[in-house]
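I have placed the structure first, in the form of C-alpha cells, so that the comments after it can refer back to it.
The values are calculated or read from the model by the stated rules, or taken from the named source; none is laboratory data. All values reported here derive from a predicted model rather than from experimental measurement. Cβ sites come from the backbone with ideal geometry, for glycine too, and all protein chains shown count toward neighbours. In case anyone asks, the SASA skips ligands and DNA or RNA and just uses the protein heavy atoms, side chains included. Shrake-Rupley method; radii C 1.70, N 1.55, O 1.52, S 1.80 Å.
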Amino acid sequence: PIFVKEKELLFSVIHDITERKQMEALLKESEEKFRLMTEQNLLGVIILQDGFVQYVNQAAAILTEYSVQEALNWELNGFARLFHPDDLKFVMQQAQKKQEGAKDVVTHYSYRIITKSGKVKWLDQYSKTIVFEGENADLITIVDITERKDTEEALQKASHDLKNVQAQLVQTGKLAAIGELAAGVAHELNQPLTVIRIIAQRLLKRFGKNSGGIDKMKDDLGSIEKNTTRMMKIINHLRAFSRQTTTEFKPIDVNKVIQDCFQMIGEQLRLRNIEVIQEFSD
C-alpha cells in the first residue's frame, strides 16, 4: 500500500513471465522425453564428468547387472572392474586420452565386460562430448552385441572346419587319382627300366668279349643316365602330388608346370604317335 493525499491506495507491480514459464515447460518436457528415451530404451546411457559418473540409465544398469546407485558412486577407475582383462588397457587408454583432450581418441569401438554375476558380454560403445549442467561431459552410449559376436565366432569356426574338410577331400581326391594313375605310372617306369636293363646286358657282353670302344660305352652310359633321370622325375612328381601340403600362394612359372605334366605322359603320347607342339608365352 502507498498513501496519496492521505488516502491509502494499493500499488502493484506486475511482470510478464509468460516466456519464462514457457521455457520451464519446454525444459520439463525435454527432460521427461530424455528420461523416457533413456529409461525405456535398450541403449545404455552413461554421462561422465570430471572422472565421475553423473548419470546412468536403467538400460546400462541392466547390461552391467550393477544398480544405478552402485554405478553413480563410481569414479572413472571404478569402471575398471567392468572390463575384460584383455580389453582393459585399451579402454582405459582411450578414457585417459579423452580426459586430456588428445586428438587421436577412438570414439567408437567394441570391448568385453564382466558383469556383476561374472558373465562375459560384448558391448559396442560410442562417446561424444556434450554440455551437461553447464559444463563439458562425455556422453557414452553402449549396446549389447554379444549375440552378434557369438554368431561371428560360430561362422569363423564353421569356415575353419569347412576348410579342413575341403583339405581332406582334396587329399582323398589326390590319393584316388594316384590309384587311377598307377597303371600308367607302372608303364612309364617299366619302359626306362627295360632300356636300362638292355643296355646293362649289352655292356656286360661287351666287356666279356673285350670289344667296343670308349665312345660306344659313353653313349650307352648317357642313355642310362637319361632314363634314370626320367624315372626319378616321375617318382618325385608323384611324391609331390600325393603329399598333403598347406596352401601357399606365390608367383609360379606356369610353363614349367605344363612341361612337368608332359614328363609324366610324354612317352605314352609318343607311343600312340601323338605329337604335342608346345608354344608358350613368356
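Restricting to the range 127-147, give me the number of residues that are open to solvent by 50 Å² or more (accessible area, probe 1.4 Å) and either out of contact with any Leu (no Cβ under 9 Å at 6 or more places or on another chain) or more than 13 Å from ILE47 (Cα to Cα) (or both).
8
Name the residues in the range 88-110 that are open to solvent by less than 90 Å² (accessible area, probe 1.4 Å) and assigned to a helix (DSSP H, G or I), would you? Hits for the range 88-110 are LEU88, PHE90, VAL91, MET92, GLN93, GLN94, ALA95, GLN96, LYS97, LYS98.
Would the range 235-244 turn up any residue that is at pLDDT below 75, among the basic types (Lys, Arg) and part of a helix (DSSP H, G or I)?
There is at least one residue in the range 235-244 that is at pLDDT below 75, among the basic types (Lys, Arg) and part of a helix (DSSP H, G or I).
Look at the range 88-103: where a residue is within 18 Å of TYR126 (Cβ to Cβ) and a partner is open to solvent by less than 80 Å² (accessible area, probe 1.4 Å) and hydroxyl-bearing (Ser, Thr, Tyr), sitting 6+ places away or on another chain with Cβ atoms under 6 Å, you get VAL91/TYR111.
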